[in-house]
Structure formats: C-alpha cells, structure tokens
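Chemist: Take a look at this one; I'll ask things after.
The values are calculated or read from the model by the stated rules, or taken from the named source; none is laboratory data. Since the structure is predicted, the reported quantities are computational estimates derived from the model, not experimental observations. As a convention, Cβ positions derive from the backbone with ideal geometry for all residues, glycine included, and neighbour counts pool all protein chains shown. Note: accessible area is taken over every heavy atom of the protein model, side chains too, but ligands, DNA and RNA are not part of it. Shrake-Rupley method; radii C 1.70, N 1.55, O 1.52, S 1.80 Å.
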Amino acid sequence: MHGRISQLFLINALTCGLEVCLAAGTIYIPPMLLEAGVEERFMTMVLAVGPVLGLIVVPLIGSASDSLRSKYGRRRPFIWVLCMGVLLSLLIIPQTSTLVTLLTKQQRHWLEVPLLVLAISLMEFCGQACFTPLEALVSDLFPGEEESRKAFSVYSLMLSLGGCIGYLLPAVDWTTSETVVYLGGQEAFIYFVLTFIFLACLMGMAFISEEQTGRLGEAEVCRRHENLKTCWCPCVAFPRFLFLRRTFSSLLSVVPRLYLLCSRMPKVIARLFVAELCSWMALMSFMLFYTDFVGEGLYNGVPSDEPGSPGRIRYDEGVRMASLGLFLQCVTSVIFSLLMERMVLCIGVRKLYLSSVILLAVSTAIMTVSHNIILVTIMAAATGYTFCTLQILPYTLTCLYHSNTQVFFSTERRKIPLREEDLMLIRSEMPSSTKQKKTNGCVNGYPGTIPFQSNIKSSQSLDLHVSIALEPQPSAVRGMGTDIAILDSAYLLSQVVPSLFMGSIVQLFQSVTAYMVCASLLSLVAVYFSSKIIFEKADIDTR
C-alpha cells in the first residue's frame, strides 16, 4: 500500500504540472492570438485544433495502451512521448516572433501566425491527451470502486491545485520586475516559469513503475526450434525484433478493434458519455472564454489595440481579474476534492452529480444578467464544485462498471422459456400453502427472477420464463483504458464544439455575453442527460 501511495503521488505530481501549463495557456492563448491579428471567430477555431486531434488519437492511445506489452509498462511510453510534445510547445510559444525573425530576417512575417497556431495546438493536444494514460495508470493501481474513488479524489485535488497555480500566475502583474523585462515581457516570463515547473514534475516519472510486460523469453519466443543455439530465426538472433513486431501489429489492429469496441459500447458507458459530454460542454463554454468575457464585456477592453493604449490596459486588467475568478474556481475544487469521499457517503453519487450540474446552470445564468464583477467572480468560483465532480465521479462510475462486468456490461436481456423438467422440479419444491412466490437463482445455469403460482395443474397452463442477462462476448471484452479514453473524448469533444461555433455566435449577436448564454443553456441539457446515468445496479432494470 505504501508503494502504491508513493506511485500515486508521483503520477499526480505530473498531473499537477500538466494542469499548470494548460491553465496558464487558457489565460494567455486568446490574447496572444488576438494580438497576432487573428480574428475572434478564427481565434475560437484555433482553440479547437488540439481537441480535434485529441478526439481522434486519444481513443487509439487508450486502446493501444491496454494491449501494449513492453518492459517499460503499458502507459509510460505514451506519457513520455506526449510530455515531450508539451515541453517543446512551451519553448516555442513565447519565442515565436524571435524564431521567425531569425529564420526570415524580418520583424513581422506571415509565418508567425501559423507557427504560433502550430505550437498552441501541439500543447493543447499533447497536454490533454496525456491525461488518458495517467488516469489509466491510476485505475491500474487502484481498481476497486472505493479505493478508486479515493485515488481519483487525490487526482482531482492535484489537478485543482495545478489549476490554482496556473491561474494565479497570470493574475499577478510581473511587469515591474527586471527579470521579466530581461526575458521579454510577462508572457515570456510566465512560460519560462511553466517550463521549469513542468520539468520538475516530469522528473518524477523516472521513478514510476508498472507491471513488467516485457518481451517473452527465448524458449517461448521460438518454440518451433529445438536447438536455440543454432537457430537463426530473427526472434532469437535479434530479440528486439519480436518486441517491435508485436508493437507494430498491435498498432495496426487498434483501429478495427476500437471500432468494434465503440460500436458495441455498453448502455452504461454510452449514457455516461453523453451526460459527461453535455456537462463538460457547458463548463468549457464558460472556462475557455471567461477571460474574453470579462476583458471585453465587463471591462470594455479592446484586445487588438496597441499595448499601453487605454482599451488594451482595460482588457489586460479584465484578463487578470478573470484569472482571479478561475483561481478561486480551482480553490473551490480543491476544497470539494478533500470533502468528496465524505460527501459521497452522506449524500450519494447521484445527488452530487446532479446538484453540480444544476449549480453550473444557475451560476452561468447569473453571470449572463449581472454586470457586477464581484458577483460574477463569486459565481465563477462556485463552478469549482462542478469541475471537481466531473473530475472524480465519472471515473469512479467506470471503475464500478468494470468491477462487475456481468451486471453492467451485459449486452441484452432475454426471456428464456423453462423446459418441462424445470417446471416439474419447481412444482415439487413448492410449499402447498404458497399462493405466489419468486425464486431468485439459476435454472439451467441462467441467473434470473422466476415468477410462478402454486395452483398449477399442468405445464401447459403457464407461460413460464426466466429473465437472464447475457454476458459480454469475448470479442467485446473492454479494457479500462479504452473506456477512460472514451470519457476523455467527451472532455475533448466538449471543447471542439464551442470552439468551432462560439466565435460566429458572438459575432452574430455582437456581444460576448453569448458565451454565458450558451453555457447556461447547455447546462440545462446536461441536467436532463445526467438524470439518465446508471449510478447503481438497481438503475439497470428501471431505465
């Protein structure tokens, strides 16, 4: 247990570092794009590039990590590769203008915007995709329902702590420091700090261990040869050949296997996916554009003005105030992460999930009609409860489903008629005084509920059936990483849709208040679909 706790701490340290980078990026990416000359509707579309790539690749990562057999483990190779992408983007984003100047010998060049968009997309994709193998690693260490809830509570705590740091850094005015001036301004200084923090958190990955799933031994690798010393099979002459071969074949088989798993998605996963998609879409419509909403809507700032102009100063003040609101959101999430286990025991998962989505609807509705910055900031802080719930409960429910696949992943329910000998056996065991009785058990190996009456004269007078739950077929056996990747796809898709359409909606209505209106309406949709989630075994028969 102590070993698993230390592993959990190292995993969550990297989780915290990733969230620091993504949170600070959420603050600075819109202003940087607008300052570079990107129109608002195209700016929101740029924010969708990373999530779209993640939407395509993340399920593949989840499925591939389930089947990967490597001496480095199943999850860690993916984590390392994605982290390298995050690190590279952190180095490029603040130095885009300098790199273009070195390459083209010009101060302003058309390459600056594409390079900035590429670096931002790389950071968004790699950072968000990296959470999937990290979450799968947590579920591998803590597979049970209760211990997974505790583990993901810690996970959510560190995620919220990372958000606190990431949102707090831009909320402070660092421009008065000589170090900031030397590094090239506030944005360059923030990204320098982010790089240092991420490297420190990444170093812990070197001490994380998984189950060893390395290549097979020589005797198992080449069974068809009796004398291994004289065998020139590539499997023996070049032991690395079979590791490489198995990995390549596994990657080729990922796409058809993923299609099979998604096309046969169990009802419980499908309902959870839809509910989480709507919930995250409502929350992301608020979080992604909150800085622009405050800077332009409440402070009447103009992000495209020159630095130092009154409109730009007002916008920068609004961005810092929005950073404070998102920081308070993360503080709220931290508090509820600490209390989540006790709240689940006292209130229950169903009430917690539904209340969090209802609170989001109320908070965004108030932000829509209010122009009081203090009240808006309080409402932003309140959404931390929703953020915390969405980070914990869906993964806890997934662990619950996987802990009893025969119940939750049954493909369908059928009524099987009882045979004559089964009926005779039931009649012989019935007390003569019994008028009506229900027997729960197995008939011919089928579990089910058998209703019958005692005054039966012959088997022809009763249409007697057994209701059974069919077990999943072997081809449809699902790995934890696959279903976690599906849930993470809901998180990524929730950013894609608002990013593609929000800019056009704002331009249509000529008001950034449209961000909060859309968030509030999506919250109401999320309330409806959240009520359809399977929270326990009793919900299967009633829904």
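Chemist: Considering only residues of the stretch 46-81 that are open to solvent by 10 Å² or more (accessible area, probe 1.4 Å) and among the hydroxyl-bearing types (Ser, Thr, Tyr), which is nearest to residue 182 (Cα to Cα)?
Modeler: 72
Chemist: Between a residue in the stretch 122-147 that is farther than 30 Å from residue 25 by Cα and any residue that is open to solvent by 10 Å² or more (accessible area, probe 1.4 Å) and among the hydrophobic types (A, V, I, L, M, F, W, C), which pairs come within a Cβ distance under 7 Å, given they are 6 or more apart or on different chains?
Modeler: Every condition considered, the pairs that remain are 141/8; 145/400.
Chemist: Could you list, in sequence order, the residues of the stretch 24-71 that are within 28 Å of residue 209 (Cα to Cα), more than 14 Å from the chain's Cα centre (by Cα) and of a type in the set (Gly, Ala, Ser)?
Modeler: 63, 64, 65, 67, 70
Chemist: Out of 337, 356, 323, I need the residue that is farther than 25 Å from residue 151 by Cα, open to solvent by less than 50 Å² (accessible area, probe 1.4 Å) and in contact (Cβ under 8 Å) with a residue 24 or more places away in the chain. Which one?
Modeler: Only one candidate qualifies: 323.
Chemist: What do you reckon, is residue 102 without any contact (Cβ under 8 Å) to a residue 24 or more places away in the chain and within 28 Å of residue 193 (Cβ to Cβ)?
Modeler: Numbers: without any contact (Cβ under 8 Å) to a residue 24 or more places away in the chain: yes; within 28 Å of residue 193 (Cβ to Cβ): yes.
Criteria met by residue 102.
Chemist: From the set of residues in the stretch 502-517 that are open to solvent by 30 Å² or more (accessible area, probe 1.4 Å) and touching a residue at least 24 places away in the same chain (Cβ under 8 Å), which is nearest to residue 356 (Cα to Cα)?
Modeler: 517
Chemist: Another one. In the list 346, 330, which residue meets the criterion of being surrounded by fewer than 16 Cβ atoms within 10 Å (Cβ to Cβ) and not charged (D, E, K, R)?
Modeler: Matching residue, one of 346, 330: 346.
Chemist: I would also like to ask the following. Would a scan of the stretch 104-122 turn up a residue that is among the charged types (D, E, K, R) and either under 27 Å from the mean Cα position of the chain (by Cα) or modelled with pLDDT of 80 or more (or both)?
Modeler: The answer is yes, given that some residue of the stretch 104-122 is among the charged types (D, E, K, R) and either under 27 Å from the mean Cα position of the chain (by Cα) or modelled with pLDDT of 80 or more (or both).
Chemist: Still on this structure, please answer the following. Does the stretch 294-310 include one or more residues that are closer than 21 Å to residue 530 by Cβ, in contact with a Lys or Arg (Cβ under 7 Å, 6 or more places away or on another chain), at pLDDT 85 or above and open to solvent by 50 Å² or more (accessible area, probe 1.4 Å)?
Modeler: Of all residues in the stretch 294-310, those closer than 21 Å to residue 530 by Cβ come to none.
Among the residues of the stretch 294-310, not one is closer than 21 Å to residue 530 by Cβ, in contact with a Lys or Arg (Cβ under 7 Å, 6 or more places away or on another chain), at pLDDT 85 or above and open to solvent by 50 Å² or more (accessible area, probe 1.4 Å), which makes the answer no.
Chemist: Can you tell me which residue is most open to solvent (accessible area, probe 1.4 Å) among those in the stretch 105-117 that are without any contact (Cβ under 8 Å) to a residue 12 or more places away in the chain and of a type outside the set (D, E, K, R)? Write out each step before concluding.
Modeler: Pass one, the stretch 105-117, residues without any contact (Cβ under 8 Å) to a residue 12 or more places away in the chain: 105-111, 114.
Okay, now just the ones that are also of a type outside the set (D, E, K, R), so 106-107, 109-111, 114.
Details: 106: 88, 107: 141, 109: 44, 110: 176, 111: 63, 114: 62 Å².
Only one residue tops the list, namely 110.
Chemist: Look at residue 132 and say whether it is surrounded by fewer than 24 Cβ atoms within 10 Å (Cβ to Cβ) and out of contact with any strand residue (DSSP E or B) (no Cβ under 6 Å at 6 or more places or on another chain).
Modeler: Answer is no for this residue.
Chemist: A follow-up question, please. Looking at residue 160 and the list (1) in contact with a Gly (Cβ under 9 Å, 6 or more places away or on another chain); (2) open to solvent by 30 Å² or more (accessible area, probe 1.4 Å); (3) at pLDDT below 85; (4) in a helix (DSSP H, G or I), which single condition is not satisfied?
Modeler: The one condition residue 160 does not meet is (2).
Chemist: For the stretch 503-543, enumerate the residues that are part of a helix (DSSP H, G or I), of a type in the set (D, E, K, R) and under 26 Å from the mean Cα position of the chain (by Cα).
Modeler: Answer for the stretch 503-543, where residues must be part of a helix (DSSP H, G or I), of a type in the set (D, E, K, R) and under 26 Å from the mean Cα position of the chain (by Cα): just 539.
Chemist: Of the numbered conditions (1) open to solvent by 30 Å² or more (accessible area, probe 1.4 Å); (2) at pLDDT below 90; (3) over 21 Å from the mean Cα position of the chain (by Cα), residue 402 fails exactly one; give the number of that condition.
Modeler: Going through (1) open to solvent by 30 Å² or more (accessible area, probe 1.4 Å); (2) at pLDDT below 90; (3) over 21 Å from the mean Cα position of the chain (by Cα) one by one, residue 402 breaks only (3).
Chemist: Can I ask one more? Where residues in the stretch 36-45 are open to solvent by 20 Å² or more (accessible area, probe 1.4 Å) and touching a Ser or Thr at 6+ places or on another chain (Cβ under 7 Å), which of them is farthest from residue 296 (Cα to Cα)?
Modeler: Quick first cut of the stretch 36-45, residues open to solvent by 20 Å² or more (accessible area, probe 1.4 Å) only: 36-42, 45.
Filter again for touching a Ser or Thr at 6+ places or on another chain (Cβ under 7 Å), leaving 41, 45.
Values: 41: 15, 45: 19 Å.
Once the filter is applied, the top-ranked residue is 45.
Chemist: How about the stretch 512-543: which of its residues are modelled with pLDDT under 85 and among the polar types (S, T, N, Q)?
Modeler: The one that is modelled with pLDDT under 85 and among the polar types (S, T, N, Q): 542.
Chemist: Quick check, is residue 84 crowded, with 16+ Cβ neighbours inside 10 Å and either touching a Gly at 6+ places or on another chain (Cβ under 9 Å) or modelled with pLDDT of 85 or more (or both)?
Modeler: No, not satisfied.
Chemist: With respect to the numbered conditions (1) more than 30 Å from residue 397 (Cα to Cα); (2) assigned to a helix (DSSP H, G or I); (3) among the β-branched types (Val, Ile, Thr); (4) in contact with a helix residue (DSSP H, G or I) (Cβ under 8 Å, 6 or more places away or on another chain), which one is the sole condition not fulfilled by residue 181?
Modeler: Result: residue 181 passes all but (4).
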